[in-house]
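Here the structure is laid out as structure tokens; the discussion comes afterwards.
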Amino acid sequence: MSFDNAYESLVEGHEEKHWAFGTGFTHALSGVDRAISSTVDRDDLAAYCLMLGDDALVYAQRLAEWCAKAPELEEDVALANIALDLLGQARMLLSRAGEIQGTDEDALAYLRDSSEFRNVHLAEIDCGPGPGGDFATTMARLLVFSAWRLALLHRLTGSADPVLAAVAAKGVKELTYHRDHAAQWVLRLAGGTDYSRERMVAGLAVVWPHLDELFTAHPIEHRLAEAGVAVDPAELRSEVDSVLDTVLGAAGLTRPDVASVPGGGRGGVHTEAMAPLLAEMQVVARALPGGVW
Amino acid sequence: MDLEREFERVVAADHRIEPRDWMPDGYRKTLIRQIAQHAHSEIIGMQPEGNWISRAPSLRRKAILLAKVQDEAGHGLYLYAATETLGADREDLTTKLIEGRQKYSSIFNYPTLTFADVGVIGWLVDGAAICNQVPLCRTSYGPYARAMIRVCKEESFHQRQGYELLMTMMRGTDAQKAMVQDAVNRWWWPSLMMFGPPDAESSNTEQSMVWRIKRHTNDELRQRFVDMSVPQAEKLGVTLPDPKIAWNAERGHHDFGDIDWDEFWQVVKGDGPCNAERIENRRKAHEDGAWVREAAAAYAAKKERVA
């Protein structure tokens, strides 16, 4: 671009490199075979894409709440980056569900009600910056969520569905970074000051009751796992436990001694946090029916 | 004396001053003030747009907006880093910002009331920022000039995204079109004020021009912005809220109406619609994060002792 006319760039071609940190909203799956195998139940596949897509979308919505509120500018950048990665995954998965169901990512994101969302509770609860948590709770959730999703996506790279396999292959690289980022903060906060250690212990206690739900299979996950399309989440438990124990051990922390709470997100049963989250996310899209964005 | 002559020679020849070169104290202070003000503007500027990330009405727009606000944090980072090459300190500058001892662009003291504001900020506010900043890519201080090249490239991308949002909305429902026009009505005049007071009242311009920290006057840049915006508004199908805008063939520029400088000074002095809220949010984020920064520093110090 020339440096004399601020408006020249309005007519320039697409230059993705102009984003400082990337966006994750390019067509990452162009060229991937989108045919659906005749042995796979289409409704099950769509529902499964919604499960994994909703986890990413709802959690990205939570992470973006940190924007302009993080403890350091570097962390504003990092949390936005993680949210953008997850939003990118959500878009690919919701688009896949949409093409099976004859709709699109935005109708799925903005026009479904709480009971139609299939994300796990861990994605939707308030872990800060709202009153439900703080930076330590946020890192506790990031550690658990990313350790779990990384293990899941790792296995999903071998899915019989080529789109899921491609989404997983891209996601594995992203989640590896997310998990590392969280683990480093858990170490810093646990080993920093007395206060930060207290916060870290308290943060883990907030997210831990939601751990069991992550490994509880919905019937759809069972069926698709048998068809080689999905991952049975029960199989992830030992790997995720071992990652969490390694990080907690290095930080000199122990697993919180707290009871599990009932899950049900995969079947559309959510916590009280979900309806207000969706009301905010969907308000503009629903207020202007027929709007184009 | 030789050092000073050498400095003047380098600046006059349009070469770059680098961090280890000798420079007059006034030059250093002016640069720190100007770059810090720019960094603060990026950071405060995250709020009015960040306000709409949670409610962006499509997933594509949500990703674009989140990436844009993230870029602003990145710009703030490189600009604070540029001030550090002059001996300033980010923590100290942040304290000055939240205590109101250093300023940021007044434009961010206006509220964002609808999602169309996101598009208009991209088009007009980023457009005005680019007009102001593009000449700074040739500014005399090397680290600042280099940071500005990157900032300007990214800003121009943001501007295009904002304009594209408005073009899309103008193809939509009547309610969307009305929303765009309303946002243009609210942001046009504050955008013109972004170039600062008229040349006759601008206290810092003359010395900064000699030092090549600044390369065009406020009024020159404002005129350029009006000339570029008028055809863009026509193409978009919106009316700029100034009946006096008219092409003046004799001047080769558009004439435009009088700016309400009382409003400008009121906002600069801290009594704009959102001044208190913007600073309070920044202060709260900074104070709420203090224990995290302390923990990170304590942890790093412990690691150092072990190593």
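The values are calculated or read from the model by the stated rules, or taken from the named source; none is laboratory data. On a predicted model such as this, the values are computed, not experimentally measured, just so you know. Because the Cβ atoms are built from the backbone with ideal geometry, glycine has one as well, and the counts that use them run over all protein chains shown.
When you scan segment B:259-269, do you find a residue that is within 14 Å of chain A (Cβ to nearest Cβ), over 30 Å from B:GLY142 (Cα atoms) and either aromatic (Phe, Trp, Tyr) or under 21 Å from the mean Cα position of the chain (by Cα) (or both), even just one? First the steps, then the outcome.
We begin by selecting, within segment B:259-269, every residue within 14 Å of chain A (Cβ to nearest Cβ); these are none.
For segment B:259-269, residues within 14 Å of chain A (Cβ to nearest Cβ), over 30 Å from B:GLY142 (Cα atoms) and either aromatic (Phe, Trp, Tyr) or under 21 Å from the mean Cα position of the chain (by Cα) (or both): absent.
Under the condition of being of a type in the set (Val, Ile, Thr) and crowded, with 24+ Cβ neighbours inside 10 Å, which residue from segment B:18-52 is nearest to the other protein chains (Cβ to nearest Cβ)? Spell out how you get there, then give the answer.
Of the residues in segment B:18-52, the ones of a type in the set (Val, Ile, Thr) are B:30, B:32, B:35, B:43-44.
Subset that is crowded, with 24+ Cβ neighbours inside 10 Å: B:35, B:43-44.
Values: B:ILE35: 15, B:ILE43: 7, B:ILE44: 9 Å.
Selected residue: B:ILE43.
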Screening B:ARG251, B:ARG282 for residues that are of a type in the set (Lys, Arg), away from every other protein chain (no Cβ under 14 Å) and either out of contact with any strand residue (DSSP E or B) (no Cβ under 6 Å at 6 or more places or on another chain) or on the phi > 0 side of the Ramachandran plot (or both) leaves only B:ARG251
Among (1) within 14 Å of chain A (Cβ to nearest Cβ); (2) surrounded by fewer than 23 Cβ atoms within 10 Å (Cβ to Cβ); (3) under 30 Å from B:GLU4 (Cβ atoms), the one test that B:ALA175 misses: (3)
Here are some conditions: (1) surrounded by 19 or more Cβ atoms within 10 Å (Cβ to Cβ); (2) at pLDDT below 95. A:VAL284 meets all but one. Which one does it not meet? (2)
Considering only residues of segment A:260-293 that are touching a residue at least 12 places away in the same chain (Cβ under 8 Å), small (Gly, Ala, Ser) and touching a Ser or Thr at 6+ places or on another chain (Cβ under 8 Å), which is nearest to the other protein chains (Cβ to nearest Cβ)? A:ALA285
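Considering only segment B:204-216, I want to know if a residue exists there that is assigned to a helix (DSSP H, G or I), within 14 Å of another protein chain (Cβ to nearest Cβ) and either more than 27 Å from B:LYS29 (Cα to Cα) or polar (S, T, N, Q) (or both).
So in segment B:204-216, the residues assigned to a helix (DSSP H, G or I) come out as B:205-210.
Add one more test, that the residue is within 14 Å of another protein chain (Cβ to nearest Cβ), and what stays is none.
No; the residues of segment B:204-216 include none that is assigned to a helix (DSSP H, G or I), within 14 Å of another protein chain (Cβ to nearest Cβ) and either more than 27 Å from B:LYS29 (Cα to Cα) or polar (S, T, N, Q) (or both).
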Return the residues of segment A:226-256 that are touching a Pro at 6+ places or on another chain (Cβ under 9 Å) and more than 30 Å from B:TYR299 (Cβ to Cβ); say none if nothing qualifies. none
Here are some conditions: (1) away from chain A (no Cβ under 13 Å); (2) touching a Gly at 6+ places or on another chain (Cβ under 7 Å). B:ASP92 meets all but one. Which one does it not meet? (2)
Does A:ASP126 satisfy the criteria of being within 14 Å of another protein chain (Cβ to nearest Cβ), farther than 21 Å from A:MET281 by Cβ and among the acidic types (Asp, Glu)? no
Residue count, segment A:37-64 (criterion: buried (at least 21 other Cβ atoms within 10 Å of the Cβ) and either within 30 Å of B:GLN70 (Cβ to Cβ) or of a type outside the set (A, V, I, L, M) (or both)): 17
Could you tell me how many of the residues in segment B:162-203 are in a helix (DSSP H, G or I), within 20 Å of B:ARG224 (Cα to Cα) and modelled with pLDDT of 95 or more? 11
Lone qualifier among A:ALA90, A:ALA136, A:ALA107 - being among the aliphatic types (A, V, I, L, M) and out of contact with any helix residue (DSSP H, G or I) (no Cβ under 6 Å at 6 or more places or on another chain): A:ALA107
Counted residues, segment A:175-226 - those being charged (D, E, K, R) and more than 14 Å from chain B (Cβ to nearest Cβ): 7
Residue list for segment B:104-137, filter: at the interface with chain A (Cβ under 9 Å from one of its Cβ atoms), buried (at least 24 other Cβ atoms within 10 Å of the Cβ) and among the β-branched types (Val, Ile, Thr): B:ILE130, B:VAL134
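With segment B:1-69 as the region, which helices (runs of 4 or more DSSP H) entirely inside it contain at least 3 residues that are among the aromatic types (Phe, Trp, Tyr)? Lay out the reasoning, then the answer.
Working: elements: B:2-12, B:25-44, B:46-50.
Once the helices (runs of 4 or more DSSP H) in segment B:1-69 are filtered for at least 3 residues that are among the aromatic types (Phe, Trp, Tyr), nothing remains.
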Cross-chain or 6+ apart pairs with Cβ under 7 Å, segment B:1-19 first and aliphatic (A, V, I, L, M), then assigned to a strand (DSSP E or B): B:VAL10/B:ILE17; B:VAL11/B:ILE17; B:ILE17/B:TYR141
Being farther than 30 Å from A:MET92 by Cβ, within 14 Å of another protein chain (Cβ to nearest Cβ) and modelled with pLDDT under 95, is that true of even one residue in segment B:71-79? yes
